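The values are calculated or read from the model by the stated rules, or taken from the named source; none is laboratory data. Note that this is a predicted model, so its numbers are computed, not measured. Quick reminder, even Gly has a Cβ in these numbers, built from the backbone with ideal geometry, and neighbours come from all protein chains shown. What goes into the accessible areas is simple: the full protein's heavy atoms, side chains included, and nothing from ligands, DNA or RNA. Shrake-Rupley method; radii C 1.70, N 1.55, O 1.52, S 1.80 Å.
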Amino acid sequence: MARIAIEMPKLGYDMETGIVASWLRQVGEEVARGDPIAEIETDKSTVEMEAVASGILAEIVHGAGVEVPVGEPIGYLDDGT
């Protein structure tokens with residue numbers, strides 16, 4: 001299976017870090033591309049993050065409440081290939 005990194009998104013021009021407010025899916029759950037999988041908190045708002053690919057949520061690297069730099073993996077999907 002190929003692993004796909006779920007990276008902290010850049011939600012604003014000056015955003016350098018974000019906080020994983022909550023995970024909307026659990027490890028082992030199947031997700032489709034575009035499904036909401038996590039809520040990301042910035043200094044201005046909380047936004048639902050969508051899955052970048054279809055697969056199974058294989059690992060959560062950073063749990064709720066953790067501040068993470070933009071571009072760093074917060075979890076991984078297995079794409080089933």
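Through the Karplus equation 6.51 cos²θ - 1.76 cosθ + 1.60, θ set to phi - 60°, convert the phi angles of the range 34-46 into ³J(HN,Hα) values in whole Hz; use x for Gly and Pro. Per-residue couplings from phi come out as x, 5, x, 10, 8, 10, 10, 9, 10, 6, 10, 6, 10 Hz. Probing with 1.4 Å while keeping every protein chain in the model, the per residue accessible area of the chain equals 58 Å². Share of carbon and sulfur in the accessible area of the chain stands at 48%, probe radius 1.4 Å.
Label-to-label distance, GLU16 versus ARG33, with points set 7 angstrom from Cα along the beta-carbon direction: 3.4 nm. 3J(HN,Hα) along the range 25-33: 10, 10, 4, x, 7, 7, 10, 9, 3 Hz, from the Karplus curve 6.51 cos²θ - 1.76 cosθ + 1.60 with θ = phi - 60°, whole Hz, x for Gly and Pro. The loop-placed trypsin sites (Lys or Arg not before Pro) in the range 1-39, going by DSSP, that have at most 14 neighbouring Cβ atoms within 10 Å of their Cβ come out as LYS10, ARG33. Neighbours of MET49 by Cβ distance under 14 Å: Lys/Arg scored +1, Asp/Glu scored -1, total -4. Accessible area of ASP14 (1.4 Å probe, protein heavy atoms only, ligands and nucleic acids ignored): about 110 Å². What the phi angles of the range 6-16 give under the Karplus curve with 6.51, -1.76 and 1.60, with θ = phi - 60°, is a coupling list of 9, 9, 4, x, 8, 9, x, 3, 9, 6, 10 Hz, glycine and proline written as x. Extension gain, GLU59-GLN26: 0.36 nm per intervening residue step, less the Cα-Cα distance, totals 11.0 nm. Only one item in (i) 1.27; (ii) 1.19; (iii) 0.95 matches Rg/Rh (Cα atoms, Kirkwood Rh) derived from the coordinates shown, and that item is (iii). For ALA64, the shell of other residues with beta-carbons less than 12 Å away shows a net charge of -3, using +1 for Lys and Arg and -1 for Asp and Glu.
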